[in-house]
1. Could you go through the range A:37-56 and let me know if any residue there is within 25 Å of A:Phe176 (Cβ to Cβ), basic (Lys, Arg), more than 14 Å from every other protein chain (Cβ to nearest Cβ) and in contact (Cβ under 8 Å) with a residue 40 or more places away in the chain.
2. Considering only residues that are outside any strand (DSSP E or B) and touching a residue at least 60 places away in the same chain (Cβ under 8 Å), look in the range A:153-177 and name the one that is farthest from B:Arg222 (Cα to Cα).
3. If we only count helices (runs of 4 or more DSSP H) wholly inside the range A:1-104, which ones have 2 or more residues that are among the hydrophobic types (A, V, I, L, M, F, W, C), buried (at least 16 other Cβ atoms within 10 Å of the Cβ) and over 16 Å from the mean Cα position of the chain (by Cα)?
4. For A:Ala148, only one of the following conditions fails: (1) small (Gly, Ala, Ser); (2) in contact with a Cys (Cβ under 6 Å, 6 or more places away or on another chain); (3) modelled with pLDDT under 90. What is its number?
5. Can you name the number of the only condition in (1) modelled with pLDDT of 95 or more; (2) at positive phi that A:Tyr88 fails?
6. Give the residue, chosen from A:Ile207, A:Ile155, A:Ile188, that is crowded, with 21+ Cβ neighbours inside 10 Å, in contact with a Phe, Trp or Tyr (Cβ under 6 Å, 6 or more places away or on another chain) and either closer than 23 Å to A:Val18 by Cβ or of a type in the set (Gly, Ala, Ser) (or both).
7. Within the range B:63-101, restricting attention to residues that are in a loop (DSSP other than H, G, I, E, B) and more than 23 Å from B:Thr158 (Cβ to Cβ), which residue is modelled with the lowest pLDDT?
8. Does B:Ser167 satisfy the condition of being closer than 30 Å to B:Ala254 by Cβ, outside any strand (DSSP E or B) and at pLDDT below 75?
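The values are calculated or read from the model by the stated rules, or taken from the named source; none is laboratory data. All values derive from a computational prediction rather than experimental measurement. Methodologically, a virtual Cβ is constructed for each residue, glycine included, from the backbone with ideal geometry; neighbour enumeration extends over all protein chains shown.
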Amino acid sequence: MLDIELESLTKKFGDKTVVDDLSLGIEKGELFGLLGPNGAGKTTTIKILCGLLEPTSGAARVGGHDIRTEMHEIRKMIGVCPQEPAYYTFLTGRENVELFGRLHNMPRDLLKEKTDELLETVGLVETASTKAGKYSGGMIRRVNLAMALVNDPAIAFLDEPTVAMDPQTRHATWDFIRGLKARGKTIILTTHYIEEAESLADRVGIIDMGRLIALDTPRSLMKKHSATNLEEVFIKLTGRKIREET
Amino acid sequence: MNAQRILALTGKELRKVYREPALLFMVILFPVMLTVAFGATFGALGGGGDTTYAVGVVNLDHSATPWAAAFKSGISATGMLVVVDYQDNSTAMKDLLQGSIDAVIVIPENFGASIDSFRLNPNNPGAWVNSTVGLSLDKGSMIVSAAVPPVVQRVLSTTIYGDMAVSEPQPVRIGNPTLVASSQLSQFDYMAPGLFAYAAIFITMTVAQAFTSEREQGLLRRIAVTPTTPSEIFTSQILANLATGTLQVAIIYAGARLMGFHALGGAAEVAYAFAIVLLLVVCNIGFGLLTASVVKSSGAATGLSFLFILPQMLLGTFIPALQSVGRFVPSYYVTDALTSIFLRGAPLTSPVVLLDLAVVAAMSVVILIAGILAFSRFGKS
C-alpha cells in the first residue's frame, strides 16, 4: 500500500524547473532515501509534500490525502525535520520539544512521556533545561530532530537530519530512525552521507537537476552499475560527485 | 481554532518577553523609566528636577521667644524643604489647593511658650505648656505624603532638644497631617495621559520583529507544517500583546500616581483607561503586521516600524504643538480620552469620551484586519 505518491510532480521558479516531472511511490513503513547533489530538488520536493510550496503541475498524495486539498489532514500525521534547524533560542530544549507537541494537540501525559523519550534518545537529558540559544551546533541538530518527531508521526520527512552531529550521536540517531521504521513509520530521508543512505534506506531515489535518474534498493543500484557504493553509482550516472548541500 | 495551540503559542511569546533582555527593557523597563523621568522632570518632584518641596509656613507665634524662627530655619536647613512664609492659614491653604506649594505648616500661638516650659522643667511634664503644629499635605503626591512628615518631625525634635537624644514625651507634637487635593495640575499631569499611549505604540516594533525574526529563522515554516492555523498564530500574538499591554498600563498608572499624577475618577475610569489602551495595542499589532509584510529582515522591521511609531508618538501623545494634526493617528484619541477623564473629570458617558473610544475601536479593527491580510498575502515568505 502506497503511503506517498508523486505523479508527474513539477515545480518551477520562473523559468527554472527545480522538480521536473517526478513520479514515484513510497510504501507504508518504507524508509526511502532521497539522494542528490546541491540544488537537485530534494528539499523542494519535501517542501511540496509538506505543503510549504505549491506544485506548478502534477499531483501528490501523502497518507492517502491530496496535497492540494487536504493539507490540514496531512499536517496531523507528518513530522518534518528541516535541513536548517529552526528552534526558539529563548526556550529550553525541553520547552522547544514540548511546544511542538502542544501544537499537535498532544495530551499532557503523552507529551511528557514522548519528550522524555526523545530527549533521552538524542542525548539531551542533562541539558534539557538549558536555553537552546546556548546549545552547540550538534545539540541544535538533535533538538531539531526531537521537535520533528515528538508527535510520533506516521510519516516523517527528515531533511539531512544528521548533519553536524558527532559520529556517536549520528549512529545513535540512525538507531533511532531504524526504530521508527521498525514501528511501521514511513520515512523520507534526504542525506548527502552515502553511508547513511546505504545503511538505512530500503530504497534510494537519486535526483539530479530535478529529475529522478535512478530508483531501487541500494544493493540493486550498486549491482546494476557495478559500483561499490552509491557515490560511484551517481558518478557513473552523471559524471559528477554528490556534493554536500548547504 | 484550538485552545491548546493558542495557549502554547501565547505562553511562548510571554516567555520571550521576560527571557530576552532587549524585549524586557522595551516592554517593561522603558515605560518605567519614561514615567519616572517625565514625572521627576515635570511633576511633583519640582519643575527643575531637584528633590525639593515648597512648604508654606504660617507662624501664629508672635511671642519674643526664638523658637519659631529656629524651627523655620531648621526646615530651610534640610535642603529638601523650601519655606514660603504666609501671614494667615487661609492664604496658605488656598495656595496648597492651587498646587503652588506642596505642604502647609502652622506654628501655633503657644509654640515658644511650650518649648520654654520644657526647657525650664525638662523632667516635669506636668509643668509643660503643650502645643500642636498643624500640617497639611498635597494629597495627590504620594512622595510628598510619605517624605515630608518625618522630615518635619526631625526638625521639630532638633528644635526642642537640640543635640540631646530625642526622648518621649515632648511638649510640642505634630498634628495628624491633613491631606489636601490640589486643583492645579502640573506639567506632568498633562503629559501622563500621553504616556499610556506612548508605551503601547512600541508594540508595533515588537510585533514586526517577532514575525520577521520567526520568518528569518524558519520558525513560521516549521509551525506551518503542524496543524496550527494562521488564525491561531494571529490570535496568540494578540493575546500575548494584550497581556503585555495590560502590564504596561498598570506599570505606567502606578508609576504616574507615585510621581504625583493627579488623576480624577475611580475604578471605572481606570478600567476605561485599560480598555482604550488595549484597543491601541490591537491597532499597533496591525501596524506591526503591516511592517512585517513588507520588510525582509528583523533589522529592517525595527527601522520601518518607526514609520508608524513616530507619527503616533509626535502627533498623538504629549506634544501639544502638533496635536492639531493628530486626528490622523489612533494614539491621539487615546490621549484625548484619557485627558478628558483624568484631568477634566469627564464622565465615561460623555460624548467626547465615547467618540474617542469608538474611533480607536474602529481604527483598531480596520488596521488589524489590514495587517492580517497583508501578512497572509505578502509576509509569509
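1. The answer is yes; a qualifying residue exists.
2. Going through the qualifying residues, I end up with A:Ile177.
3. Per the criteria, A:93-103.
4. Answer for A:Ala148: the failing condition is (3).
5. Every condition holds for A:Tyr88 apart from (2).
6. After applying the criteria, what remains is A:Ile188.
7. Going through the qualifying residues, I end up with B:Gly99.
8. Against the criterion (closer than 30 Å to B:Ala254 by Cβ, outside any strand (DSSP E or B) and at pLDDT below 75), B:Ser167 does not qualify.
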